[in-house]
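Any read-out appearing in this document is the output of simple, stated calculations on the displayed coordinates, not a laboratory observation. Computed from a prediction, not measured in an experiment: that's the story for all the values here. Glycine gets a Cβ as well: all are built from the backbone with ideal geometry, and neighbour counts include every protein chain shown.
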Amino acid sequence: MKPNTIIILGLLAIGAALVLLPFVWLISVSFKPHAEIFTTNVTLLPHQITLTNYWKALTQTDIPRYLLNGVIVTGSILILQLAVTVPCSYAMAHRNFPGRSLLFGGVVAALLVPFHVTAIPIFIGLAEVKLLNSYTALILPFAATAFGLFLLRQAFAQIPSDIIDAARVDGMSEMVIAWRIGFPLCAPTVIAFSIFSVTAHWNDLFWPLIATTDPSLATPPRGILFFRDEESGDDVGPLMAGAALITAPLVIGFLLAQKRFIQGLANTGLKK
Amino acid sequence: MIRRAITDLVLVGPAALAIVIFIFLPAIVVILLAFTDYQFGSSTANWIGVDNFTSLFGSKIGRKALTNTLIYAGIVIPASVGLGLLVAIGLHHLTTSLPKASNILRAIYFLPVSATLVAMAVSWQMLLHPSLGLINNWLSILGIAPQQWLSNRDLVLYTLAVIGIWQSVGYNMVLFLAGLAAIPKTLYDAAEVDGVTGGWSRFWVVTWPMLGPITMFVIIVTAANAFRVFESVAAMTKGGPAFASDTIVYAIYREGFVYFKAGYASAITVIFFIALLLLTALQIALVERKVHYR
């Protein structure tokens, strides 16, 4: 190894240790017994390992409920987004209809509007139809995904029109072509978008904080804050165990499918 | 003909309707609301012109949210882009000699991007805890006085900025790695023929100019994300102490959904929207320029 390489490796390793610090700390404290957390003689790693904190978090708190809500909300958002987006993306790529370029222009324009901008009117609208504090309020506003429409339209456009025409000659209906021919051929983009969507909504705090006040509807980030604000400062161990449980699904997913995650979270943005 | 129109409608209708109802209509309504004194729950709203904007820019608290966001972005953008570039160059250097180590390090740097920020904020809060936290304990070993990282009003914004950098370096690193991988090796060979041999001159003659467009993209994406800072503020400081860590999006949330001042919160939203649109305009202008050069 050249000396240069060793220096670079050393510097990168120090940086990586700093990046890892909050993760190591989270896991470490979640395994520490009560007495080791509430001491002024703080150590990075536990002397004694206990599972009490996880046991408490899973049986005496609402963490399981929050995790379930997270699955329900992110899963429903993704299904709804795909159900709405796939047929429309197919049509924008492979059909000629009046207003097609207007629609595509609208999708590009909608890309410019972050969700924070639309939150107040959507809140008012949901209040008018008495839907606040419901799963619907957490899910429905995300049916509109300009990013998904844009990404999938680009992917559908890559499919040669010969394939589509052949399917039409075979008598397949347009909806069937979109789902049975187009959808599988666009799998890499669909997966990248799904990872993007699930990560964004599992981690989102802004909208759940606004749309719901009922703790039984709380998604994981909203829920962990409910838990923290309720506990009197004495339940740090279970709190850290809960936080670890909440971030674990995505972190494990990332470690198992790094390329897909990086594609979904970063490289899809490159093509924007 | 009618059959065809129905098919189009079935395919396109739901998505088009969703975009209009949940994106365009709200965007228009929020701009209109910004000029009213509407409050959530009240049955009337009066047109008050630019009063919301004058009280936003005229009040200490309003200006504080704006300047805090600018200071935060002013720290996070250069630090996160610079560090992202350095890490990417280092990892790119290691890919050939130490591919395994390079892959592990890349995964570690990217970890905060995929993690749940609110859950990690709980860990950061404990790490920075004045008496039970690890940071102050380590500092005391070095003889440095313990700090109130999240409740000292002179410090809190910088603490949040460090967490913002921690969260975004990995994202920028991945984008720079893609840019570095796209530089053709022949360019380096050609530079070597021309007498450019040292690491630094190679960087300035070949790497940096080739990374130009992607660097602009990374800066703009980082800026857009920095302007949106919300989760860490909401989870750790709630804008405090004494509005020392208040930011634009947190102010939208507080004024709108804690104090129910929908009109005023809409005005903050409009300012936020304009800032992001300016960033996008900058991005488009730069992309256009790049195309013209070709």
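Ranked by the mean number of other Cβ atoms within 10 Å per residue, highest first, peptides B:176-182, B:223-229 order as B:223-229, B:176-182. Take the Cα pairs of chain A, get the Kirkwood Rh, then feed it into Stokes-Einstein at 10 °C and 1.306 mPa s and tell me D in µm²/s. So the translational diffusion coefficient is about 73 µm²/s.
Under 5 Å from the amide H of B:Lys238 lies no amide H of any residue 5 or more positions distant or on a separate chain, with H modelled from the backbone and absent for Pro and chain starts. Take each residue in A:215-227, count the other chain C-beta atoms within 10 Å of its C-beta, and the mean is 2. When only the Cβ of Lys, Arg, Asp and Glu is charged (+1, +1, -1, -1), the dipole of the range A:1-110 relative to its Cα centre reaches about 300 debye.
Under a 5 Å amide H cut-off, with hydrogens placed 1.01 Å from N, B:Thr36 pairs with B:Ile48 among residues at least 5 apart or on other chains. Close Lys pairs in the protein assembly as shown (alpha-carbon distance under 30 Å; sequence gap of 8 or more, or different chains): 25. Cβ-Cβ distance of A:Ala13 and A:His34, R₀ of 35 Å, FRET efficiency by 1/(1 + (r/R0)^6): the value works out to about 0.55. For the protein assembly as shown, taking Cα atoms only, Rg and Dmax work out to 25.0, 82 Å respectively. Using r as the Cβ-Cβ distance of B:Ile31 and A:Phe226, and R0 as 41 Å, what FRET efficiency do you calculate, to the nearest 0.05? The calculated FRET efficiency here is 0.75.
Over the C-alpha trace of the range A:3-50, radius of gyration and Dmax come out as 14.9, 46 angstrom. Take each residue in A:97-105, count the other chain C-beta atoms within 10 Å of its C-beta, and the mean is 2. Between A:Leu68 and B:Asp154, the distance separating the two model label sites (each 7 Å from Cα on the Cα→Cβ line) works out to 5.1 nm. Using the Cα coordinates of the range B:60-293, the gyration tensor eigenvalues translate into equivalent-ellipsoid semi-axes of 37, 25, 14 Å, sorted from longest to shortest. Shown in residue order for the range A:243-256 are the 3J(HN,Hα) couplings computed by the Karplus curve 6.51 cos²θ - 1.76 cosθ + 1.60 at θ = phi - 60°: 4, 5, 5, 6, 8, 4, x, 6, 5, 5, x, 5, 5, 7 Hz (x for Gly and Pro). Taking packing as the residue-averaged number of other Cβ atoms within 10 angstrom, the listed peptides B:143-155, A:240-252 run from highest to lowest as A:240-252, B:143-155. Across the range B:72-85, coupling constants 3J(HN,Hα) worked out from phi with the 6.51/-1.76/1.60 Karplus curve, θ = phi - 60°, read 4, 5, x, 8, 5, 4, x, 5, 6, 5, x, 5, x, 5 Hz, and Gly and Pro carry x. 3J(HN,Hα) along the range B:15-23: 5, 5, 4, 4, 5, 5, 6, 9, 10 Hz, from the Karplus curve 6.51 cos²θ - 1.76 cosθ + 1.60 with θ = phi - 60°, whole Hz, x for Gly and Pro.
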